[in-house]
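Colleague: Structure incoming, see below.
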Amino acid sequence: MGGVQAALGGDGGRASAHRMTMLMAYADAISVRPGDTIGFKVSCDAAEHYNARIVRLLSPEAGPMAPPFRTEPVDTPVNGRHPARTQPLRAGSWAMVPAHPLIGSLRSFSIAALIWPTLPGDGRQAIAGTWSESACTGFGLMLNEAGEAELRLGGTVLRSGEKLLPRKWHFVAASYDAATGAVVLHQDLLADKTMTVASSVTRQTTASSVASRNGALLFAAWHVADSDGLAGDLPMVGGCFNGKIERPRLANRALDRGALLALMGGTIPAGLVETIVASWDFSRDIETEVIRDTSPNRLNGVTVNLPARAMIGQNWDGSEMNWRHAPHQYGAIHFHDDDMIDARWETDFSFAVPADLRSGCYAAMLEAAGAQFQVAFFVRPPKGRPTADIVYLASSATYTVYCNNIGRIRSVMTEAVQGRLTVIDAIDILLLEHPELGYSTYDRHRDGSGICYSSRLRPATNIRPTGRFWNYCIDLFIVDWLERSGLAYDVITDDDLHAEGLDLLRPYRVLVTGSHPEYESLQMMDALDGWMRQGGRMMYLGGNGFYWRIAYHPMRPGTIEVRRSEDGTRAWDAEVGEYYHSFTGEYGGLWRRNNRAPQALAGVGFISQGFDHSSYYRRTDAAHDARTAFIFDGVAEEILGDFGILQGGAAGLEIDCVDPMLGTPPHALVVARSENHSNTYELVNEEVRVAHGLTDGVINQQIHADMVFFETQSGGAVFSTGSIAYAGSFGHRDFANPIARLTWNVLRRFADPAPFSVPRSGPPA
Amino acid sequence: MYRFDASRLDLAREYKARPFGEHSPDLQYLLNLMRTRETDGRHVLVMTQPHAQWTLARLTNGNQGPPRLTNVTFDNLEAAEWAVFRLRWEAMAGAPLPIE
């Protein structure tokens, strides 16, 4: 060993920077109004107390090369010291049917289901039953350590002796005859479209006595105690299953193999109707957290932590891609032992938003024994009383979708994609230390399936004014620039826009986006489109915006679904047949595959990404058009933005360009275009039909950011920069630079009520 | 097939001169190799002062676990890139890179 390795002294050791105190928190809302109350839920160990401060954020913490971190204190009784306590994080999704006499009184019984295990052999996992792991009572159909089906019935254990195959459909069933003591277990590997050979195994034994249990019947989990002390009446569980469960059945007598198989059909045979305790059909109520028993007993239940629904079932034959058209083929629920949608923590302190608190970006700044954590939230203006002509739309949907992105840290491909070393900080390390925080829709579950749901009801390591420059943190550069504009602005969020639509935007003349408004629901797109058609003026100050379609959960505010179908720059692929959102039934994927390409709204759309180096724009001839003179008032430079804190330039990270075929209006003017991008800038895959190798920024002419202006009907206009890095240039030379100036020029003109006019005939883009 | 060549010191010099931005095709190949071979103990930087100090670290447990920090810190990211480049060169060549 020599050279640098020797100088390092091996692999070092635990860092002095490693925290001994763990501090995490989240809030019960992200957007509030004066008069509302927002509850903060905190978990802190190895400290007696933590300190909290509510502040308004005027900029991000961006280090010595950037303008200083500016916050404005909020006078509130919650500022100060609070007693610390630890609150648990219990990841894993499952389903529960509340305790019922029909289940608790069972003596003889049969239980059956179709399962598609994804991690057989990776620890014991529950399938269905009333089994209590702590008391060894009840019955439980499960997978054992070896990945075999197993029935536990009091002290009796019966195993199939054959490991289930991952990602293959199996029929598993068990019965117990109280009169004879006979216990029978069946495990069938079912035939499918591959050449895998179907097989079947049946085992039996005798149980002398069985301790019954009058508890809830669980799917994908077993009981470990009567209560976990959290809000609600949920039991404490363990043994979470990984994989799909479909069509579970429960009968009140020991049925033979033929009868058990007959129960798996869509209709219960007449001769077996009287034996049925419950026949659950997971293809019902797919949009909800309800599981429906279609038997007369109606032993309905609920899911916990949102296991994935609208999943293709064992009978999916590929003839239909939309679950609404053939729900009976979408009767599977995919459970994961790392699902985390709601931590269900108790509230530690509540902030009553003062009636006179101005709209803005706020955070609870928490600190305990050297550990820090921040919980961001937004304050809107009072209902029906906007305070400005300008509104800043905070990308709360995008923040949520990225919530706890672990892939960028763990993936061995990250550095190749980004062209630089991965940087993390102490709060990012929390995510590595606590996988139970749950990850983002950029990540996969432990079993390899894509994470399609995300929520903020858990600590978020990415929505804060500190750390890596991305999304929220970069957006605060825009907030800083707005603060210094001298113009008033209100703040709203994606969540508000989804819920309230066009009415929310109607009072405003100018809308300013964040740096990366990547995720939109149909309601958000409709609101933006409608507002612009009525004269709204949009400043899209980012890159890769309006890209993915999302669905908000119909009952859980702030919970978002993403189905990554077909193409687009994405961390995982939805399974074929699972492209439609379970929350809404809408087709998932890129907006350009949903007749709403970003170019149609903003004039530009995603073309490339690279993270090693940001470049600059060069003014085009169109910059000298009389229509765009206002943009460049006082700006003499031809090269724009060859500076900035985000990799040294205004054009970079993720960049967009015009495309008339995808909707850029014919009269749009490209006033500046970037050039000279590096090797790490690769053409987005939706632009590569046949792999040709000419895909990096060094050789591909498509790869550039376009700064675009165009007028809209009813006196409106759009200004788009097409670059995430743009916001990092605002603060250069204390805001005395052409990027800050030209963008202020646009802001002031857009805030001026004088209408814009669409030219009768303009040059093509 | 592109293979590591310890005699290509020109690529190391090119990288040192410009760690970020456009690279020659051969340097880009080399970087792609270097950056994707650490399936365990991947080098990362832990920001120990906000955007001012970074500490060299390696992920643990097959890149799934928390980083183990070294006692090497940097006050700029270019220096960190060069230090890791030298470590990786040494690991691939079996001998230190003869360029400081």
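The values are calculated or read from the model by the stated rules, or taken from the named source; none is laboratory data. What you see is a predicted model; the values in this text were computed from it and never measured. Note that each Cβ is placed from the backbone with ideal geometry, even for glycine, and that neighbours are counted across all protein chains shown. Only protein heavy atoms, including side chains, enter the accessible area calculation; ligands, DNA and RNA are left aside. Shrake-Rupley method; radii C 1.70, N 1.55, O 1.52, S 1.80 Å.
Colleague: Taking the options A:Phe377, A:Phe373, A:Phe349, A:Phe335, name whichever one is among the aromatic types (Phe, Trp, Tyr) and closer than 21 Å to A:Thr584 by Cα. If you could, list the steps in order and put the result at the bottom.
Modeller: Values: A:Phe377 fails: closer than 21 Å to A:Thr584 by Cα; A:Phe373 fails: closer than 21 Å to A:Thr584 by Cα; A:Phe349 fails: closer than 21 Å to A:Thr584 by Cα.
None of the other options fit; the residue is A:Phe335.
Colleague: Tally the residues that are out of contact with any Ser or Thr (no Cβ under 7 Å at 6 or more places or on another chain) and open to solvent by 10 Å² or more (accessible area, probe 1.4 Å), restricting the search to the range A:324-339.
Modeller: Total meeting the criteria: 5.
Colleague: A follow-up question, please. Quick check: anything in the range A:554-564 surrounded by fewer than 24 Cβ atoms within 10 Å (Cβ to Cβ) and in contact with a Gly (Cβ under 7 Å, 6 or more places away or on another chain)?
Modeller: yes
Colleague: Please find, within the range A:721-765, the residue that is most open to solvent (accessible area, probe 1.4 Å) out of those that are in contact with a Ser or Thr (Cβ under 9 Å, 6 or more places away or on another chain), of a type outside the set (A, V, I, L, M) and closer than 19 Å to A:Leu528 by Cα.
Modeller: My answer is A:Pro755.
Colleague: Quick check: anything in the range A:383-400 more than 23 Å from A:Trp470 (Cα to Cα), of a type in the set (A, V, I, L, M) and crowded, with 21+ Cβ neighbours inside 10 Å? Show your work before the answer.
Modeller: Step one: filter the range A:383-400 for residues more than 23 Å from A:Trp470 (Cα to Cα), giving A:383-390.
Okay, now just the ones that are also of a type in the set (A, V, I, L, M), so A:388, A:390.
Those still in the list that are crowded, with 21+ Cβ neighbours inside 10 Å too: A:390.
Yes, that holds for at least one residue.
Colleague: Let me ask something else about it. Hey, could you check the range B:30-56 for residues that are within 14 Å of the chain's Cα centre (by Cα), over 17 Å from B:Glu78 (Cβ atoms) and more than 7 Å from every other protein chain (Cβ to nearest Cβ) and say which is surrounded by the most Cβ atoms within 10 Å (Cβ to Cβ)?
Modeller: Among those that are within 14 Å of the chain's Cα centre (by Cα), over 17 Å from B:Glu78 (Cβ atoms) and more than 7 Å from every other protein chain (Cβ to nearest Cβ), it is B:Leu30.
Colleague: Turning to a different aspect of this structure: With (1) within 14 Å of another protein chain (Cβ to nearest Cβ); (2) at pLDDT 95 or above as the list, and A:Gly13 as the residue in question, which single condition is left unmet?
Modeller: (2)
Colleague: Would you call B:Thr60 facing chain A (nearest Cβ under 9 Å), crowded, with 20+ Cβ neighbours inside 10 Å, among the hydroxyl-bearing types (Ser, Thr, Tyr) and without any contact (Cβ under 8 Å) to a residue 24 or more places away in the chain?
Modeller: Working: facing chain A (nearest Cβ under 9 Å): yes; crowded, with 20+ Cβ neighbours inside 10 Å: no; among the hydroxyl-bearing types (Ser, Thr, Tyr): yes; without any contact (Cβ under 8 Å) to a residue 24 or more places away in the chain: yes.
No, not satisfied.
Colleague: Out of the residues in the range A:588-626 meeting the condition of being closer than 17 Å to A:Ser674 by Cβ and among the acidic types (Asp, Glu), tell me which one is most open to solvent (accessible area, probe 1.4 Å).
Modeller: Per the stated criteria, the residue is A:Asp621.
Colleague: Enumerate the strands (runs of 3 or more DSSP E) found wholly within the range A:123-199, keeping only those where 1 or more residues are of a type in the set (A, V, I, L, M, F, W, C), over 36 Å from the mean Cα position of the chain (by Cα) and surrounded by fewer than 18 Cβ atoms within 10 Å (Cβ to Cβ). Spell out the reasoning first.
Modeller: Values: elements: A:125-129, A:139-143, A:148-153, A:156-163, A:170-176, A:182-189.
Strands (runs of 3 or more DSSP E) meeting the threshold: A:156-163, A:182-189.
Colleague: Given the conditions (1) of a type outside the set (Lys, Arg); (2) in contact (Cβ under 8 Å) with a residue 40 or more places away in the chain; (3) open to solvent by 10 Å² or more (accessible area, probe 1.4 Å); (4) under 20 Å from A:Thr569 (Cα atoms), report the number of the one that A:Thr712 does not fulfil.
Modeller: (4)
Colleague: Here is a further query. Given (1) in a loop (DSSP other than H, G, I, E, B); (2) at pLDDT below 95, identify the lone condition not met by A:Ala254.
Modeller: (2)
Colleague: Quick one: in the range A:647-696, of everything that is β-branched (Val, Ile, Thr), in contact (Cβ under 8 Å) with a residue 60 or more places away in the chain and within 30 Å of A:Ala62 (Cα to Cα), which residue is surrounded by the fewest Cβ atoms within 10 Å (Cβ to Cβ)?
Modeller: Only one residue fits best here, namely A:Val684.
Colleague: Ok, one more. Of everything in the range B:73-96, what is facing chain A (nearest Cβ under 7 Å), open to solvent by less than 30 Å² (accessible area, probe 1.4 Å) and either of a type in the set (A, V, I, L, M, F, W, C) or not in a helix (DSSP H, G or I) (or both)? Give them in sequence order.
Modeller: If the condition is that a residue be facing chain A (nearest Cβ under 7 Å), open to solvent by less than 30 Å² (accessible area, probe 1.4 Å) and either of a type in the set (A, V, I, L, M, F, W, C) or not in a helix (DSSP H, G or I) (or both), then B:Ala80, B:Ala83, B:Val84, B:Leu87 are the ones that fit.
Colleague: Would the range A:680-693 turn up any residue that is within 14 Å of chain B (Cβ to nearest Cβ) and either closer than 15 Å to A:Gly641 by Cβ or modelled with pLDDT under 95 (or both)?
Modeller: yes
Colleague: Every residue in the range A:442-455 that is out of contact with any Cys (no Cβ under 6 Å at 6 or more places or on another chain) and under 19 Å from A:Ser396 (Cα atoms), please.
Modeller: Within the range A:442-455, the first condition is being out of contact with any Cys (no Cβ under 6 Å at 6 or more places or on another chain), and the residues that meet it are A:442-453, A:455.
A:Tyr442, A:Asp443, A:Ile451, A:Cys452, A:Tyr453, A:Ser455 - these are the residues of the range A:442-455 that are out of contact with any Cys (no Cβ under 6 Å at 6 or more places or on another chain) and under 19 Å from A:Ser396 (Cα atoms).
Colleague: Could you identify the single residue in A:Gly648, A:Gly641, A:Gly605, A:Gly652 that is in contact with a Lys or Arg (Cβ under 8 Å, 6 or more places away or on another chain) and more than 30 Å from A:Trp316 (Cα to Cα)? Write out each step before concluding.
Modeller: On the way: A:Gly648 fails: in contact with a Lys or Arg (Cβ under 8 Å, 6 or more places away or on another chain); A:Gly641 fails: in contact with a Lys or Arg (Cβ under 8 Å, 6 or more places away or on another chain); A:Gly652 fails: in contact with a Lys or Arg (Cβ under 8 Å, 6 or more places away or on another chain).
Only one candidate passes the filter, namely A:Gly605.
Colleague: So how many residues does the range A:282-299 have that are in a loop (DSSP other than H, G, I, E, B) and either outside the structural domain of A:Leu250 (by TED's automatic domain parsing) or under 18 Å from A:Leu263 (Cα atoms) (or both)?
Modeller: 9
Colleague: Do we have any residue at all in the range A:463-478 that's part of a loop (DSSP other than H, G, I, E, B), touching a His at 6+ places or on another chain (Cβ under 7 Å) and at positive phi? I'd like the intermediate steps shown before the answer.
Modeller: Start the filter on the range A:463-478 by keeping residues that are part of a loop (DSSP other than H, G, I, E, B), which leaves A:463-471.
Restricting the remaining residues to those that are touching a His at 6+ places or on another chain (Cβ under 7 Å) gives A:471.
If we keep only those that are at positive phi too, we end up with A:471.
Looking through the range A:463-478, at least one residue is part of a loop (DSSP other than H, G, I, E, B), touching a His at 6+ places or on another chain (Cβ under 7 Å) and at positive phi.
Colleague: Ok, one more. Picking from A:Thr194, A:Thr180, A:Thr205, which residue would you name as being of a type in the set (Ser, Thr, Tyr), touching a strand residue (DSSP E or B) at 6+ places or on another chain (Cβ under 7 Å) and assigned by TED's automatic domain parsing to the domain that holds A:Lys244?
Modeller: Values: A:Thr194 fails: touching a strand residue (DSSP E or B) at 6+ places or on another chain (Cβ under 7 Å); A:Thr180 fails: touching a strand residue (DSSP E or B) at 6+ places or on another chain (Cβ under 7 Å).
Among A:Thr194, A:Thr180, A:Thr205, only A:Thr205 is of a type in the set (Ser, Thr, Tyr), touching a strand residue (DSSP E or B) at 6+ places or on another chain (Cβ under 7 Å) and assigned by TED's automatic domain parsing to the domain that holds A:Lys244.
Colleague: Which ones in the range A:91-117 are surrounded by fewer than 23 Cβ atoms within 10 Å (Cβ to Cβ) and under 24 Å from the mean Cα position of the chain (by Cα)?
Modeller: A:Ala91
Colleague: Right, something else. Would you pick out the residues in the range A:415-425 that are surrounded by fewer than 21 Cβ atoms within 10 Å (Cβ to Cβ) and either of a type in the set (D, E, K, R) or more than 7 Å from chain B (Cβ to nearest Cβ) (or both)?
Modeller: A:Val417, A:Gln418
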